[in-house]
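Structure record follows, encoded as structure tokens.
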Amino acid sequence: MADKLTRIAIVNHDKCKPKKCRQECKKSCPVVRMGKLCIEVTSQSKIAWISETLCIGCGICIKDPPDWQEILTYFRGSELQNYFTKILEDDLKAIIKPQYVDQIPKAAKGTVGSILDRKDETKTQTVVCQQLGVILSFGVSFMFDEPSSYLDVKQRLKAAITIRSLINPDRYIIVVEHDLSVLDYLSDFICCLYGVPSAYGVVTMPFSVREGINIFLDGYVPTENLRFRDASLVFKVAETANEEEVKKMCMYKYPGMKKKMGEFELSIVAGEFTDSEIMVMLGENGTGKTTFIRMLAGRLTPDEGGEVPILNVSYKPQKISPKSTGSVRQLLHEKIRDAYTHPQFVTDVMKPLQIENIIDQEVQTLSGGELQRVALALCLGKPADVYLIDEPSAYLDSEQRLMAARVMKRFILHAKKTAFVVEHDFIMATYLADRVIVFDGVPSKNTVANSPQTLLAGMNKFLSQLEITFRRDPNNYRPRINKLNSIKDVEQKKSGNYFFLDD
């Protein structure tokens with residue numbers, strides 16, 4: 001194998017028109033300036049030719065921009081003209097919330113309070129901390145990269161409300177978000193992005209919130225007459241592999257239990273579960289969902305109560321720390337040798353999770369989303385009676401979340417097993433759940449895990465705690481959050497219907 005990997009240069013035949021441009025890509029290429037023929041364009045060329053062996057991957061050829069006058073002329077009369085004018089005049093201060101917040105402790109030292117004191121430019125620390133637990137700097141442009149990461153449903157909505165409180169005629173707010181229900185609640189306009197990961201991306205023009213999300217789910221942009229996904233994504237609650245009632249053969253029971261960890265105490269109400277069933281655990285952060293899962297897995301022993309039934313368990317933890325030093329293929333061969341080459345498992349799990357695309361990569365070099373997909377494949381590939389899956393949506397984008405949910409649903413039904421899933425993405429939770437376990441109480445102090453309930457009863461109980469109502473989109477049945485104190489919100493709260501199942 002060569003020491004240096006060859007880069008792949010992708011030239012779009014529809015967009016590259018050498019006879020209609022000034023060949024900026026060739027003029028700005030540093031390799032061409034050194035006298036080497038990296039980009040070749042002749043008078044007869046219909047498209048630019050790029051030497052992949054000479055290309056150094058600097059990206060200047062695609063980033064070389066038009067001058068400011070061309071940009072301002074192109075966007076004349078639109079809101080973007082004012083935005084670019086402020087950038088040109090250096091009259092724009094941007095505040096960015098990074099994607100990987102778990103890296104912040106490595107860069108910032110000191111207590112949370114001392115860091116907030118240093119960054120508090122608007123003197124609103126007390127108010128914002130009461131609302132959300134963070135501080136916002138003063139700026140003209142605010143950019144939030146995945147603000148819902150690591151947050152539970154209640155915290156996600158608080159974050160959305162706080163971000164919306166920044167709205168001002170003189171401000172620009174841009175949010176990147178994979179939780180579609182939060183995106184729906186948060187946004188005024190939506191731009192969809194499509195393309196090939198690590199190769200190219202295309203941004204659509206802004207759409208209204210409902211239209212933008214539905215375009216993304218449909219995989220079709222009507223204004224451009226362009227389809228970027230073969231199949232539409234439609235939500236059906238209690239969807240089965242064959243759209244038939246599944247026969248359930250086995251029933252298991254777990255006893256009432258108690259577990260005390262420091263100042264935190266978790267009480268578990270006795271319950272039961274069957275095969276071919278997915279139980280989704282709903283609750284705020286710190287209510288003991290992961291503790292319950294670890295007790296079911298036999299990794300924690302209860303302080304009080306009966307014994308957990310002895311079953312074969314496969315567990316995907318909340319935090320994934322790669323220890324393997326080999327490739328993904330070697331890891332799969334070591335952990336699930338029989339499963340990962342089985343035709344049924346390949347069809348149901350490996351292909352939808354796109355494991356083949358990363359199977360020869362080193363485990364230590366995988367991104368968070370790639371690690372999550374590998375961890376899911378490892379968990380489902382292990383023979384077990386019960387699958388315990390903690391936050392499967394973490395690090396996955398919107399499309400990968402829906403695909404992962406479909407994979408888990410289909411696998412549990414085909415294998416006739418049981419799954420307990422902890423999930424904060426509400427759309428993913430409603431798609432997965434056959435029944436729901438609701439956690440209530442005071443987070444990090446005293447909480448109760450209730451016995452399993454039907455999807456409708458469980459969701460109503462959980463949403464009533466949060467004082468949020470949901471409706472369903474008539475086109476694809478997607479759960480949508482009602483705006484606070486809207487007509488629909490008030491009507492549903494009065495009738496006690498916080499969550500609707502009707503189509």
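The values are calculated or read from the model by the stated rules, or taken from the named source; none is laboratory data. Bear in mind that the values here come from a model prediction, so they are computed numbers and not experimental data. Cβ atoms come from the backbone with ideal geometry, glycine included; neighbour counts cover every protein chain shown.
Being in contact (Cβ under 8 Å) with a residue 40 or more places away in the chain and touching a strand residue (DSSP E or B) at 6+ places or on another chain (Cβ under 8 Å) is the filter here, so list the residues in the stretch 331-375 that pass it.
Residues satisfying the conditions are Val363, Ala375.
Please determine whether any residue of the stretch 27-48 is within 23 Å of Pro197 (Cα to Cα), in contact with a Ser or Thr (Cβ under 8 Å, 6 or more places away or on another chain) and either surrounded by fewer than 14 Cβ atoms within 10 Å (Cβ to Cβ) or modelled with pLDDT of 85 or more (or both).
Scanning the stretch 27-48 turns up no residue that is within 23 Å of Pro197 (Cα to Cα), in contact with a Ser or Thr (Cβ under 8 Å, 6 or more places away or on another chain) and either surrounded by fewer than 14 Cβ atoms within 10 Å (Cβ to Cβ) or modelled with pLDDT of 85 or more (or both).
Which of (1) surrounded by 15 or more Cβ atoms within 10 Å (Cβ to Cβ); (2) modelled with pLDDT of 70 or more is the odd one out, the single condition Ala108 does not satisfy?
(1)
Checking Ile71 against (1) under 21 Å from Gly201 (Cβ atoms); (2) among the hydrophobic types (A, V, I, L, M, F, W, C); (3) touching a residue at least 40 places away in the same chain (Cβ under 8 Å): exactly one of these is not met. Which one?
It is condition (3) that Ile71 fails.
Checking Asp91 against (1) part of a helix (DSSP H, G or I); (2) farther than 18 Å from Lys17 by Cβ; (3) not basic (Lys, Arg), only one condition comes out false. Which one?
(1)
Tell me which of these Arg410 doesn't satisfy, since it passes every other one: (1) closer than 28 Å to Ile481 by Cβ; (2) crowded, with 21+ Cβ neighbours inside 10 Å; (3) in contact with a helix residue (DSSP H, G or I) (Cβ under 6 Å, 6 or more places away or on another chain); (4) at pLDDT 90 or above.
Looking at each condition in turn, Arg410 falls short on (2).
So, in the stretch 49-68, how many residues would count as being over 17 Å from Arg22 (Cβ atoms) and loosely packed, with under 11 Cβ neighbours inside 10 Å?
Looking only at that region, the number is 3.
A quick yes/no check of all residues on (1) β-branched (Val, Ile, Thr); (2) within 27 Å of Ser393 (Cβ to Cβ); (3) surrounded by 12 or more Cβ atoms within 10 Å (Cβ to Cβ):
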site	(1), (2), (3)
Gly298	no, yes, yes
Val313	yes, yes, yes
Lys316	no, yes, yes
Ser327	no, yes, yes
Asp338	no, no, no
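Have a look at Ile389, Ile355, Ile359, Ile336 and point out the one that is farther than 24 Å from Ser148 by Cβ and under 21 Å from the mean Cα position of the chain (by Cα).
Only one candidate passes the filter, namely Ile355.
Within the stretch 260-279, count every residue that is out of contact with any Lys or Arg (no Cβ under 8 Å at 6 or more places or on another chain) and within 16 Å of Val442 (Cβ to Cβ).
Residues that pass the stated criteria total 3.
So in the stretch 218-233, with the set limited to residues that are out of contact with any Asp or Glu (no Cβ under 9 Å at 6 or more places or on another chain) and surrounded by 14 or more Cβ atoms within 10 Å (Cβ to Cβ), which one is farthest from Asn475 (Cα to Cα)?
Within the stretch 218-233, the match that is farthest from Asn475 (Cα to Cα) is Phe228.
Within the bounds of the stretch 252-263, is there any residue that is surrounded by 12 or more Cβ atoms within 10 Å (Cβ to Cβ), under 26 Å from the mean Cα position of the chain (by Cα) and assigned by TED's automatic domain parsing to the domain that holds Ile437?
no
Taking interchain pairs and intrachain pairs at least six residues apart, which have beta carbon atoms under 9 angstrom, with the first residue in the stretch 24-48 and among the hydroxyl-bearing types (Ser, Thr, Tyr) and the second assigned to a helix (DSSP H, G or I) and surrounded by fewer than 11 Cβ atoms within 10 Å (Cβ to Cβ)?
Qualifying pairs under 9 Å: Ser28/Lys63; Ser43/Lys19; Ser45/Lys19.
What are the pairs with Cβ atoms under 8 angstrom where one residue, in the stretch 167-179, is touching a residue at least 24 places away in the same chain (Cβ under 8 Å) and the other, located anywhere, is surrounded by fewer than 17 Cβ atoms within 10 Å (Cβ to Cβ) and in a loop (DSSP other than H, G, I, E, B)? Sequence gap at least six, or different chains.
Asp170/Val140; Arg171/Val140; Tyr172/Val140; Ile173/Leu166; Ile173/Ile167; Val176/Gln99; His178/Asp397
Yes or no, residue by residue, for (1) polar (S, T, N, Q); (2) within 25 Å of the chain's Cα centre (by Cα); (3) in a strand (DSSP E or B):
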| position | (1), (2), (3) |
| --- | --- |
| Val407 | no, yes, no |
| Leu413 | no, yes, no |
| Met428 | no, yes, no |
| Val438 | no, yes, yes |
| Thr447 | yes, no, yes |
| Ala457 | no, no, no |
| Asn460 | yes, yes, no |
| Leu463 | no, yes, no |
| Ile468 | no, yes, no |
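Which of the residues belonging to the stretch 478-495 are assigned to a loop (DSSP other than H, G, I, E, B) and not hydrophobic (A, V, I, L, M, F, W, C)?
Arg478, Asn482, Lys483, Asn485, Ser486
Need pairs with beta-carbon distance below 9 Å; first residue part of a loop (DSSP other than H, G, I, E, B) and within the stretch 152-164, second of a type in the set (Asp, Glu); sequence gap 6+ or separate chains.
Sorted first by the residue in the stretch 152-164, then by its partner, the pairs are Asp152/Glu284.
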